[in-house]
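Participant: Structure incoming, see below.
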Amino acid sequence: MAHPSLNADQLVDSLKWRYAVKRFDPARSIDSETWTKLEESLVLTPSSFGLQPWKFLVVQSTDLKAKLPSISWNQPQPNDCSHMVVFASMKSVSVEYVDRFLETTASIRNVPVEGLAPYRQIVLGFLKNIAGHELAWSSNQAYIALGQLMAAAAVLGIDACPMEGIIASEYDQLLGLAGTNYTCVVGCAMGYRHAEDRYATLAKIRFPLDEVISRL
């Protein structure tokens, strides 16, 4: 069922409006009510097996943001934006984590956890098959969340800039992830475009729809 407050044309218009902001207006901040909804959109991101192998670090501290450009290829967006979201992925997924997820599932859906035993075996079998490569898998999940956040932001009229140009190890150190089971993968600066950001008015460069989409 289509969302009652957003039609198809409005969705496409929102996505045409968005771009990777190069210059944010540091004087403008996202209000708390809107930001709460964007955080909810992150939590609602789908993930493989529903495991949610991630953490989302929201950097608002002026002092912390000021330290980010030097470990972000000297890009100004992490400092000038309203909120800098850092996507951290799990390096490995333990049996204990899977069991906690299944216990949460049983509690929320009011079903016996024992009934989830076949699903547990499927999940653990998958994780065994990717042993040593869990971070590559969990990083892919983080990018799903990044896409969801950017689309949600566009619908709400919030600007964003996805940022792979970050030094993950130094982000880990600064944000307290060093030595944990999580590592930074990608960032997304959020806020409002500066009136003088010339990239806001540039035409989008995309290959033709019929060239990139095949209808089979």
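Participant: Before we move on, is Glu114 loosely packed, with under 11 Cβ neighbours inside 10 Å and within 15 Å of the chain's Cα centre (by Cα)?
Facilitator: For Glu114, the condition - loosely packed, with under 11 Cβ neighbours inside 10 Å and within 15 Å of the chain's Cα centre (by Cα) - is not met.
Participant: What residue, of Ala106, Ala88, Ala117, is among the hydrophobic types (A, V, I, L, M, F, W, C), modelled with pLDDT of 95 or more and closer than 25 Å to Glu164 by Cβ?
Facilitator: Matching residue, one of Ala106, Ala88, Ala117: Ala88.
Participant: A further question follows. If the Cβ limit is 6 Å and pairs must be 6+ apart or interchain, which residue in region 135-161 that is modelled with pLDDT of 95 or more and among the small types (Gly, Ala, Ser) pairs with which residue that is surrounded by fewer than 22 Cβ atoms within 10 Å (Cβ to Cβ) and not in a helix (DSSP H, G or I)?
Facilitator: Sorted first by the residue in region 135-161, then by its partner, the pairs are Ala142/Trp54; Ala145/Thr45; Ala154/Arg18.
Participant: For region 156-211, which residues satisfy the criterion of being within 17 Å of Ala66 (Cα to Cα), charged (D, E, K, R) and surrounded by 18 or more Cβ atoms within 10 Å (Cβ to Cβ)?
Facilitator: Within region 156-211, just Asp172 meets the criteria.
Participant: Looking at Gln10, Gln75 in this structure, which one is part of a helix (DSSP H, G or I), at negative phi and either in the same structural domain as Ser138 (by TED's automatic domain parsing) or out of contact with any Asp or Glu (no Cβ under 7 Å at 6 or more places or on another chain) (or both)?
Facilitator: The match here is Gln10.
Participant: Give me the pairs: first residue in region 164-189 and touching a residue at least 12 places away in the same chain (Cβ under 8 Å), second residue among the charged types (D, E, K, R) and in a loop (DSSP other than H, G, I, E, B), beta-carbon distance under 9 Å, and six or more apart or on different chains, which are they?
Facilitator: If the second residue must be among the charged types (D, E, K, R) and in a loop (DSSP other than H, G, I, E, B), the pairs left are Asn181/Lys91; Tyr182/Lys91; Thr183/Lys91; Val185/Glu164; Val186/Glu164; Gly187/Glu164.
Participant: Output the residues belonging to region 161-189 that are in a strand (DSSP E or B) and in contact with a Leu (Cβ under 7 Å, 6 or more places away or on another chain).
Facilitator: Pro162, Thr183, Cys184, Val186, Cys188
Participant: Being in the same structural domain as Leu177 (by TED's automatic domain parsing), closer than 30 Å to Ala117 by Cβ, surrounded by 12 or more Cβ atoms within 10 Å (Cβ to Cβ) and small (Gly, Ala, Ser): is that true of Ser48 here?
Facilitator: yes
Participant: Right, next: Being over 19 Å from the mean Cα position of the chain (by Cα) and either in contact (Cβ under 8 Å) with a residue 24 or more places away in the chain or not assigned by TED's automatic domain parsing to the domain that holds Leu175 (or both) is the filter here, so list the residues in region 51-70 that pass it.
Facilitator: Leu64, Lys67
Participant: Out of all the residues in region 23-50, which are assigned to a helix (DSSP H, G or I) and in contact (Cβ under 8 Å) with a residue 12 or more places away in the chain? Please lay out each step first, then the result.
Facilitator: Residues of region 23-50 that are assigned to a helix (DSSP H, G or I), as a first pass: 32-43, 48-50.
Matches in region 23-50: Thr34, Trp35, Lys37, Leu38, Glu39, Ser41, Leu42, Ser48, Phe49, Gly50.
The values are calculated or read from the model by the stated rules, or taken from the named source; none is laboratory data. In this text the structure is predicted, and so the values were computed from the model without any measurement. So basically every Cβ, Gly included, is an ideal-geometry build from the backbone, and we count neighbours across all protein chains shown.
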